[in-house]
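As structure tokens, the structure follows; a few thoughts come after it.
The values are calculated or read from the model by the stated rules, or taken from the named source; none is laboratory data. Since this is a predicted model, take the numbers as computed values, not measurements. Cβ coordinates were reconstructed from backbone atoms using ideal geometry, including for glycine residues, and neighbour counts include every protein chain displayed. The protein model used for the area step is the full one, side chains on, heavy atoms only, and it has no ligands, DNA or RNA in it. Shrake-Rupley method; radii C 1.70, N 1.55, O 1.52, S 1.80 Å.
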Amino acid sequence: QVQLVESGGGLVQAGDSLRLSCTASGRTFSGYAMGWLRQAPGKEREFVGAISGGGIITLYGDSVKGRFTISRDNAKNTVYLQMRSVTPEDTAVYYCAAKRGGGSYNVADYHYWGQGTQVTVSS
């Protein structure tokens, strides 16, 4: 069982940067690929990025590629999402999620989810 708690969301302006954090409880954090996914009002949950257990392999959704960076610190049981050049289209609830094995673009592949943190980008 993995419990996830996100932090770092808030209200920012277009063009700003923001870093989200997600801390996991439980053992063997490095045994899980970690993902960030988001859901905007009225839209389906969308894949943002993922990172392998060892932090070597990263995946990104097309809408954030080149602007967002995912990283992890296994000693702190924490995964990060560095967001740069945000736009109002990035407004959403951002979820941290975990899965065994490698990262996946498929939202349904993630087994454990945090409660989410709201990110709102004003124009």
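Some notes on this structure:
- Excluding same-chain neighbours fewer than eight residues apart, the lysines reachable from Lys65 by a Cα-Cα span under 22 Å are Lys43, Lys99.
- Phi-derived couplings, Karplus 6.51 cos²θ - 1.76 cosθ + 1.60 at θ = phi - 60°, listed residue by residue for the range 105-111: 7, 8, 4, 5, 7, 8, 8 Hz, with x used for Gly and Pro.
- Zone residues, the range 72-90, relative to Lys65, backbone N less than 20 Å from point 7 Å out along Cα-to-Cβ: 81-87, 89-90
- The Cα center of the range 25-50 and the Cα center of the range 68-90 differ in position by 11 Å.
- Per DSSP, loop GluC sites (Glu not before Pro) in the range 1-54 with at most 13 further Cβ within 10 Å: Glu44
- Within the chain, the longest run free of trypsin sites (Lys or Arg not before Pro) that sit in a DSSP loop with at most 14 other Cβ atoms within 10 Å is 85-123.
- Rounded accessible area per residue of the chain, 1.4 Å, Å²: 50
- Stokes-Einstein diffusion of the chain at 4 °C, 1.567 mPa s viscosity, Kirkwood radius from Cα pairs, rounded to a whole number: 92 µm²/s.
- Note on Ser71: accessible area is roughly 50 Å² with a 1.4 Å probe, heavy atoms of protein only.
- Hypothetical label at Asn74: residues of the range 18-40 whose amide nitrogen lies under 11 Å (7 Å Cα-Cβ projection): 28-33
- Note on the range 1-48: the C-alpha convex hull projects to 4.6 nm² when averaged across all orientations.
- Segment Gln1-Glu46, extension gain: residue separation times 0.36 nm, minus the distance between their alpha carbons: 13.8 nm
- The string of couplings for the range 42-52 from the Karplus curve (6.51, -1.76, 1.60, θ = phi - 60°) is x, 10, 6, 5, 10, 6, 9, x, 8, 9, 5 Hz, one whole number per residue in order, with x for Gly and Pro.
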